[in-house]
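Student: Take this structure, written in structure tokens, and hold onto it; I'll ask about it next.
The values are calculated or read from the model by the stated rules, or taken from the named source; none is laboratory data. Computed from a predicted model, the values in this text were never measured in an experiment. Counting neighbours? That spans all protein chains shown, and the Cβs are built from the backbone with ideal geometry, glycine included. We work out accessible area using only protein heavy atoms, side chains counted, and drop any ligands, DNA or RNA first. Shrake-Rupley method; radii C 1.70, N 1.55, O 1.52, S 1.80 Å.
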Amino acid sequence: MDWKRSAPRRFSRRQFLAAAGALAGAAGISAACNGGGSSSPKVMLPGLTEEPEEEATTITAARPMISDRHGETLRYSSYVAGDGVYDPHKTQSAPFYGHQAMVFSRLLAYESQTDGTIAPDLALALPEQPDPQTLIFRLRPDARWHDLPPLNGRQVTADDVRFSIQRQMEGDTSFVRRGRWTVVDSVEATSPTEVRVRLKVPFANAMGLFADVNSFIVAPEVEFGPTTQIGSGPFQWVEWNEGSFASVARNPAWYGGEQRPYLDGIEIRQPKDAADIEAGLRTKRLDVVFVGRPQADALKQNISQLVETNHGHSLYLGCRFFLSVPPYDDLRLRAAISIALDRREMVQKFFAGSGDINPWISWPMKRWTLPQRELTNFPGYREGTGGREADIADAKALLAAFASEKTVPTELPLLVEAATETNLGLGSLIKEQLARNLGLNVTVTALPISELIQKMIAQQAPWVAGPDVGWVDLDDWVYPYFHSSGSNNSFPVRDSELDALIDAQRVETDEEKRRQTGYEIQRRLLNLHAGLNFVSERVIALSWPYVKNFPIDAADGYQHRFANTWIDRSDETFRGR
């Protein structure tokens, strides 16, 4: 694939998510799909000009007004992309499980993924911990499943919680997060409203395990499908029209208090293009839109009343090497490639500057990510013209050291997920940068996600680039991928000192000490150059002022917080909606 230098390419938020939706939604570049099912993941990526299959109807609810905050259907733009897997414990599509987060409950829930603050959800309070390995959850007696068959509004019980955890612990490889539950020894329903969880060892992220974005509580009676998503959350599932439209309706029996949720429903529309977004805002067919920096600036200039909210997103673009396959078994070559790549150019080309560079943990995860002030001292991350020149000099020296003992390949094959290459040109930019800075010849091959995954599993993909979703807790970023016994450590990394650090953070209850250990882990990973996390975006939401408490966070799965969102009909901008 040829690449000619030209003016910087500008990508919309929607194009970035289109690229990310495939690989991040199915496997991600950090692992070779170790937890995947027996068949290749199904990917549905709509064309950028695809027309909706049918006109969606607005959700209404026949009930009396409760307060000035109640009523109306919120309409916002986002990416409606699934992976054809409807089970909440199996799907890996971030947009899809984000939609499920409005429908299903968890024992606990993140009030902020970035800060790591956790609150009770189905649990009455945070669990009692009589000892470091025991957690006792007491359930809300008023929590009920949606009033739909076959559950018909029955109470959520401790047996439901036990079932939800055990089906993942004991399930087959299609339960892709099964590895997260290996720390759990047993789950016991000691009464209809009490659950006792016993851990195998003390675990620093015990609370986060039950608040994780995918730790949904499900009922044993339900067989999941595109129209069968029955939970106990603030909204009820209405529709998922792949590539165009999705919606939920208010659950009037939700246990959340204050007669929430306030909205009658929520509609998510996937726009066709930038013009469609602007038209939707102007006509108020859309109340909120997600856009990139250039489009946000243009829209704010054209529609002065719009309110901007922004937040860093943990989803990242990166690459990975298989360390057992030459020439990537040599640290010098991996380091030369890594250091020569210009991450700041990526931020400009992909996000028009609305983002930042990453160590291993994406920069929006402020609780754990290595601070930028230290990161900029590492080769490959140094600032300014002088810093870039020093990076290239170091990369050339490493390549020369490699060439003094081994033959530099005449071409380096790089496999990139097809949508990522089509929409972003990630592989082409890597090719250009390495030709410019090191004289290396990279050949880029774009593959459909199913084919790419099969090659990764067969270790026929020594060098792969694409997106991945990112995680919330430190342990989820490091243990599965870089510990010698990690379930997704298919690089494979074998480092006893790194293992010791990863083990230490798993049991450290002092958060500051754990953070410092996390920093040390990232320093070692930056020097290892096995899995590279290049850049993450700053997501921008533009809304009309009448939209109140629109939530946004570092990763999908936060959407249960739409229970607090409402539309202020007294706001002057509501006129004409």
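Student: List the helices (runs of 4 or more DSSP H) that sit entirely inside the range 383-470 and contain at least 3 residues that are in contact with a Pro (Cβ under 8 Å, 6 or more places away or on another chain).
Tutor: 384-403, 449-457
Student: Looking at the range 222-253, which of its residues are open to solvent by less than 40 Å² (accessible area, probe 1.4 Å), hydrophobic (A, V, I, L, M, F, W, C) and either at pLDDT below 95 or within 14 Å of HIS146 (Cβ to Cβ) (or both)?
Tutor: VAL222, ILE230, PHE235, TRP237, VAL248, ALA249, listed by residue number.
Student: For the range 498-506, check the following and say yes or no: at least one residue is farther than 15 Å from SER30 by Cβ, part of a loop (DSSP other than H, G, I, E, B) and over 22 Å from the mean Cα position of the chain (by Cα).
Tutor: no
Student: Another question, if that's okay. Can you name the residue in the range 267-296 that is assigned to a helix (DSSP H, G or I) and small (Gly, Ala, Ser) and, of all such residues, is nearest to VAL547 (Cα to Cα)?
Tutor: GLY280
Student: Right, next: For the range 533-550, give me the residue count where each residue is open to solvent by 10 Å² or more (accessible area, probe 1.4 Å) and either of a type in the set (A, V, I, L, M, F, W, C) or in contact with a Leu (Cβ under 9 Å, 6 or more places away or on another chain) (or both).
Tutor: Adding up the residues that qualify gives 5.
Student: Something else: Looking at the range 302-309, is at least one residue among the hydroxyl-bearing types (Ser, Thr, Tyr), free of Cβ contacts under 8 Å to residues at least 60 places away in the same chain and farther than 21 Å from LYS548 by Cα?
Tutor: No, every residue in the range 302-309 fails to be among the hydroxyl-bearing types (Ser, Thr, Tyr), free of Cβ contacts under 8 Å to residues at least 60 places away in the same chain and farther than 21 Å from LYS548 by Cα.
Student: Right, next: Given the conditions (1) open to solvent by less than 20 Å² (accessible area, probe 1.4 Å); (2) of a type in the set (Asp, Glu); (3) more than 23 Å from the chain's Cα centre (by Cα), report the number of the one that ASP495 does not fulfil.
Tutor: Against the list (1) open to solvent by less than 20 Å² (accessible area, probe 1.4 Å); (2) of a type in the set (Asp, Glu); (3) more than 23 Å from the chain's Cα centre (by Cα), ASP495 comes up short only on (1).
Student: Here is a further query. Just one of (1) of a type outside the set (Phe, Trp, Tyr); (2) open to solvent by less than 10 Å² (accessible area, probe 1.4 Å); (3) under 22 Å from ILE567 (Cα atoms) trips up ARG282, so point out which.
Tutor: Status for ARG282: all satisfied but (2).
Student: From the set of residues in the range 98-112 that are under 21 Å from ALA249 (Cβ atoms) and either of a type in the set (S, T, N, Q) or surrounded by fewer than 18 Cβ atoms within 10 Å (Cβ to Cβ) (or both), which is nearest to the chain's Cα centre (by Cα)?
Tutor: It comes out as GLN100.
Student: Those residues that are touching a helix residue (DSSP H, G or I) at 6+ places or on another chain (Cβ under 9 Å), of a type in the set (A, V, I, L, M, F, W, C) and open to solvent by less than 10 Å² (accessible area, probe 1.4 Å), I need them from the range 450-471; list them, please.
Tutor: Result: LEU452, ILE453, ALA461, TRP463, VAL464, ALA465.
Student: For residues that are surrounded by fewer than 14 Cβ atoms within 10 Å (Cβ to Cβ), under 30 Å from ALA249 (Cβ atoms) and among the acidic types (Asp, Glu), tally how many sit in the range 148-198.
Tutor: Of the residues in that region, 1 qualify.
Student: Looking at the structure I just gave you, is GLY380 over 30 Å from THR117 (Cα atoms), out of contact with any strand residue (DSSP E or B) (no Cβ under 8 Å at 6 or more places or on another chain) and crowded, with 23+ Cβ neighbours inside 10 Å?
Tutor: When the stated conditions are applied, GLY380 passes them.
Student: What residue, among those in the range 113-141 that are surrounded by fewer than 18 Cβ atoms within 10 Å (Cβ to Cβ) and small (Gly, Ala, Ser), is nearest to PHE216 (Cα to Cα)?
Tutor: Ranking the qualifying residues of the range 113-141, first place goes to ALA119.
Student: Name every residue in the range 249-269 that is farther than 27 Å from GLY280 by Cβ and not acidic (Asp, Glu), in order of residue number.
Tutor: Those that are farther than 27 Å from GLY280 by Cβ and not acidic (Asp, Glu): PRO252, ALA253, TRP254, TYR255, GLY256, GLY257, GLN259.
Student: Being in contact (Cβ under 8 Å) with a residue 24 or more places away in the chain, more than 15 Å from ILE430 (Cβ to Cβ) and basic (Lys, Arg): is that true of ARG373 here?
Tutor: no
Student: Is there a residue being out of contact with any His (no Cβ under 8 Å at 6 or more places or on another chain), open to solvent by 10 Å² or more (accessible area, probe 1.4 Å) and over 30 Å from PRO359 (Cα atoms) anywhere in the range 319-330?
Tutor: no
Student: Of the numbered conditions (1) within 22 Å of ALA109 (Cα to Cα); (2) modelled with pLDDT under 95, ARG196 satisfies every one except a single condition; which is it?
Tutor: (2)
Student: Sticking with this structure for a sec: Here are ALA206, ALA219: which of them is under 19 Å from ALA101 (Cβ atoms) and open to solvent by less than 20 Å² (accessible area, probe 1.4 Å)?
Tutor: Result: ALA219 is the single residue among ALA206, ALA219 that is under 19 Å from ALA101 (Cβ atoms) and open to solvent by less than 20 Å² (accessible area, probe 1.4 Å).
For (1) under 29 Å from ASP68 (Cα atoms); (2) of a type outside the set (Phe, Trp, Tyr), each residue gets a yes or a no:
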position	(1), (2)
PHE245	yes, no
GLY265	yes, yes
LYS284	yes, yes
ARG293	no, yes
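Student: Further question: Of the residues GLU520, GLU511, which is in contact with a helix residue (DSSP H, G or I) (Cβ under 7 Å, 6 or more places away or on another chain), more than 27 Å from ALA101 (Cα to Cα) and open to solvent by 30 Å² or more (accessible area, probe 1.4 Å)?
Tutor: GLU520
Student: Let me ask you something else. Can you find even one residue in the range 353-365 that is in contact (Cβ under 8 Å) with a residue 12 or more places away in the chain and part of a helix (DSSP H, G or I)?
Tutor: no
Student: Going by what's in this entry, would VAL197 be described as over 21 Å from GLN559 (Cβ atoms), out of contact with any Gly (no Cβ under 6 Å at 6 or more places or on another chain) and among the hydrophobic types (A, V, I, L, M, F, W, C)?
Tutor: It is true that VAL197 is over 21 Å from GLN559 (Cβ atoms), out of contact with any Gly (no Cβ under 6 Å at 6 or more places or on another chain) and among the hydrophobic types (A, V, I, L, M, F, W, C).
Student: Let me ask something else about it. Please give the number of the condition PRO294 fails out of (1) crowded, with 23+ Cβ neighbours inside 10 Å; (2) modelled with pLDDT under 95.
Tutor: Of (1) crowded, with 23+ Cβ neighbours inside 10 Å; (2) modelled with pLDDT under 95, only one is false for PRO294: (1).
Student: Which of the residues belonging to the range 389-426 are touching a Gly at 6+ places or on another chain (Cβ under 9 Å) and small (Gly, Ala, Ser)?
Tutor: ALA395, ALA419, listed by residue number.
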